[in-house]
1. If D144 meets every condition in (1) touching a Leu at 6+ places or on another chain (Cβ under 7 Å); (2) within 25 Å of T28 (Cβ to Cβ) apart from one, which number is that one?
2. Quick check: anything in the stretch 29-40 of a type in the set (S, T, N, Q) and modelled with pLDDT of 90 or more?
3. I'm trying to understand the selection: among the residues of the stretch 161-183, which are surrounded by 14 or more Cβ atoms within 10 Å (Cβ to Cβ), modelled with pLDDT of 90 or more and β-branched (V, I, T)?
4. Identify, by number, the condition in (1) farther than 23 Å from A76 by Cβ; (2) touching a Gly at 6+ places or on another chain (Cβ under 8 Å) that K174 doesn't meet.
5. Closer than 30 Å to P2 by Cα, loosely packed, with under 11 Cβ neighbours inside 10 Å and modelled with pLDDT under 90, is that true of Q52?
6. Just need a number here: residues in the stretch 120-157 that are loosely packed, with under 10 Cβ neighbours inside 10 Å, under 14 Å from the mean Cα position of the chain (by Cα) and part of a loop (DSSP other than H, G, I, E, B).
7. Mind checking whether some residue in the stretch 39-49 is of a type in the set (F, W, Y) and surrounded by 11 or more Cβ atoms within 10 Å (Cβ to Cβ)?
8. Quick check on my filter: what residues within the stretch 118-174 are within 17 Å of A184 (Cβ to Cβ) and of a type in the set (K, R)?
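The values are calculated or read from the model by the stated rules, or taken from the named source; none is laboratory data. Just so you know, these numbers come straight off a predicted model, no measurement behind them. No Cβ is skipped: glycine too gets one built from the backbone with ideal geometry, and neighbour counts run over all protein chains shown.
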Amino acid sequence: MPPHWAEFFQSYGRLGSAEIAGRNEDLTRLLRENGVTYNIYGDPSGLNRPWQLDIIPFLISKDEWPYMEAGLLQRARLLNLILEDIYGDRRLIRNGILPFELLYNHPGFLRQCCGIRLPGRQHLVMYSADLARSRDGRLWVVNDRTRAPSGSGYALENRTAMTRVVPELFDGQKVRHLAPYFNALRDGLNGLAPVSPPNRGSQPLHGSSF
């Protein structure tokens with residue numbers, strides 16, 4: 001068993017099975033009280049389903065993360081190049097690599113955005129991936145996601161709930177904080193926001209400045 005898993009189960013072992021079951025109920029109740037839900041689009045019964053969080057977390061050690069990070073960065077660069085080409089020169093279509101009907105018949109393709117270049121080096125604003133671990137312990141990407149960053153909210157809610165319900169698990173584990181990611185996300189979005197000169201004729205509401 002990897003050392004980080006051994007330390008984790010030692011912490012769980014000190015809680016005991018009855019206490020773990022009780023904490024799991026507390027976790028479910030906390031998420032329900034906070035109104036954490038998710039939607040399955042296209043499914044009439046898929047709206048506002050209660051979010052489920054396993055009390056056994058998905059652990060990635062500091063030794064295996066650099067390898068995984070390199071792979072994720074590679075996938076993000078590839079998707080960014082594809083996006084740039086789709087709304088740019090469209091060489092993938094001209095060279096027959098990407099079927100034109102796959103692009104032009106897709107409801108998400110916006111013709112009016114062709115030729116628009118975002119500020120900065122990247123055209124792809126958001127990228128995330130769903131990870132899974134196989135029986136041999138290797139990590140695999142099972143989904144690439146480039147749409148709304150809803151997963152960021154779930155990650156924050158998961159971390160907040162876990163620190164409240166099972167704070168013992170964070171003792172001595174050196175769990176990485178989420179704040180650097182959210183700070184980078186905020187700075188990145190601020191860098192993409194258009195900057196317009198102030199309107200000299202406008203006045204702040206009720207004497208307040210925003």
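1. In the conditions (1) touching a Leu at 6+ places or on another chain (Cβ under 7 Å); (2) within 25 Å of T28 (Cβ to Cβ), D144 misses (2) alone.
2. Looking for residues that are of a type in the set (S, T, N, Q) and modelled with pLDDT of 90 or more, one finds none in the stretch 29-40, hence no.
3. Selection gives V165 alone.
4. Going through the list (1) farther than 23 Å from A76 by Cβ; (2) touching a Gly at 6+ places or on another chain (Cβ under 8 Å), K174 breaks only (2).
5. So Q52 fits the description; yes.
6. 1
7. No: zero hits.
8. The answer is R121, R159.
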